[in-house]
Each structure stands twice: as structure tokens, then as C-alpha cells.
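The values are calculated or read from the model by the stated rules, or taken from the named source; none is laboratory data. Everything numeric in this text was worked out from a predicted model, so none of it was measured. These area figures cover heavy atoms from the full protein model, side chains too; ligands, DNA and RNA do not enter into them. Shrake-Rupley method; radii C 1.70, N 1.55, O 1.52, S 1.80 Å.
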Amino acid sequence: MWAQRALTRVEAPLLRAAGVSKSFDGAPALVKLDFEVRPGEVTGLVGLDGAGKTNLLRLAAGLLAPTAGTLTVLGLDSVRDTRAAGTRRLHAAAVRALSGPHCSREP
């Protein structure tokens, strides 16, 4: 019975990007990105150097704010709700992973 409910249950996306764009000094890093990652999915993030992979992760962690669009993690806005209980662990892990001389936090 539990398995039957699990198979028919529709869960909210873990990560959702809707029209997400990010620019630095007018240079686009991400342009109108739309996607969802749902529970149980295996998702890869691949691209050439400079394609925006790290910037996407920084946006999801709340380390950067999108120039346009919204990005939600566990249903919470990555900018407004970064410190909410559901994203604290993600934020802390991302800060540790993305900290270093090559990374900076946008004000």
C-alpha cells in the first residue's frame, strides 16, 4: 500500500528555475533558464568553461541574486528564504564549497 501511494504521489520540485538570468557588468552568465529537478531524479549539470554551472549553484544557494526570474529550493525562494529552516543546510554547505580565493559573495 505504501509503495502504491509513493508511486502515485506527485511531489513538488526540489529545485525549480523560472526565467532565471544572471549578468555581471552587463555580460550574461545565464539567460532565461527554465528547469525542474524532482525527487528521485538523477540530474547532471554539464557544460563548457564559462557556461554558468557554478553561477547556477551559487544562485540556488542564495550566494548570488538572479538578475531576472526566480529560483526555488524545496519550494523556498533562493534569495528571500535563504536562511529559512529548509535551506540552512544547503546554504551552509554551498558557502563552504564555494568559498575560497577564486570565489566572492555578491553584496
Discussion item. Per residue, how large is the accessible surface of the range 30-85? Use a 1.4 angstrom probe and give square angstrom.
Written reply: 61
Discussion item. Could you work out how much longer the chain between Thr70 and Arg38 gets when fully extended? Use 0.36 nm per residue separation minus the Cα distance between them, nm to one decimal.
Written reply: 9.8 nm
